[in-house]
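The values are calculated or read from the model by the stated rules, or taken from the named source; none is laboratory data. Treat the numbers as computed from the prediction; the structure is a model and nothing was measured. Heads up, the Cβs are rebuilt from the backbone with ideal geometry, glycines too, and the neighbour counts pull from every protein chain shown.
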Amino acid sequence: MAIRDWKSYNSKLIKRGEFYINPRLLSLWNDEIKEMNHKKIGNPYLYPESMIEFLAILHAKGFAYRELQGVLSVLSKIFFHFPIMSYSQINRRMNAMSLSFDVSSDNDIVAVDGSGIKVSNRGEWIQEKWKVKRGWIKVVIMGTPDGKIINLKVGDETLNEIRAARAMLQHKKTKKFIADGLHDCKKTFNLCKQKGIESVIKIRENASTKARGSLARKEAITRYRKLGYETRGAQYSPGEKSMVCIFGRENNSQDF
């Protein structure tokens, strides 16, 4: 049985909390508003974009718009008594946010992971009682050891993470591909072999050493067996270990 690195795991959870609750808007408010209103025509902005980003993260974690207004109300009482946005204003500004971001160019080492996000927290009882299917959003991200995004795909619950990862690899030049056990499949190993990419993929403990259409996977399993299940982590550098699970959860292996 593999031993969990609790120090690293705890550090990742703490870092995630800092990401969720990081109201940098309080220190950047005046400077950001001044920049946003530079040469602006019409009514000036009163609330910085960093405030909307902060609230958007909380909204993605399940906070309703009225609850977000409550969060601002508490912060206002503690910090400077800044004006409070109404929940309808929060809604409008959030929907008007620009979703563009800088995408890194090709990198030597990349990792991929995916996660599902519910569109709404409401209606759970209806879904269970009447078997009504409620859709959810799935995000697949390819990133680098230093946390930069290389590529991403967004879709509904039918988005296949394995195929999405292979599509990303097709259009990127990289030397090493890191992924969890979900990507332990013949087509992914074959693609890496074809493009000359070193595959660092978590292999099933009971994986067969027979090729069955993928000599690349057989070679990886043979190396894995020599290392042993508990010592295979030696093939990762400290930075790579943190990449294997971007969203902080384990996947079951599948073969596509």
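Yes or no, residue by residue, for (1) in the same structural domain as residue 29 (by TED's automatic domain parsing); (2) loosely packed, with under 13 Cβ neighbours inside 10 Å; (3) at pLDDT 80 or above:
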position	(1), (2), (3)
78	yes, yes, yes
81	yes, yes, yes
89	yes, no, yes
120	no, yes, no
124	no, yes, no
128	no, yes, no
133	no, yes, no
143	no, no, yes
>> Looking only at the stretch 146-191, count every residue that is touching a strand residue (DSSP E or B) at 6+ places or on another chain (Cβ under 6 Å), in a loop (DSSP other than H, G, I, E, B) and either modelled with pLDDT under 85 or hydroxyl-bearing (Ser, Thr, Tyr) (or both) and tell me the total.
In response: 2
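Looking at the stretch 27-49 only, could you name the residues that are touching a residue at least 12 places away in the same chain (Cβ under 8 Å) and assigned to a loop (DSSP other than H, G, I, E, B)?
Within the stretch 27-49, 45, 46, 47, 48 meet the criteria.
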>> Just to verify a result, which residue in the stretch 2-31, among those that are within 30 Å of residue 227 (Cβ to Cβ) and of a type in the set (Phe, Trp, Tyr), is modelled with the lowest pLDDT?
In response: 9
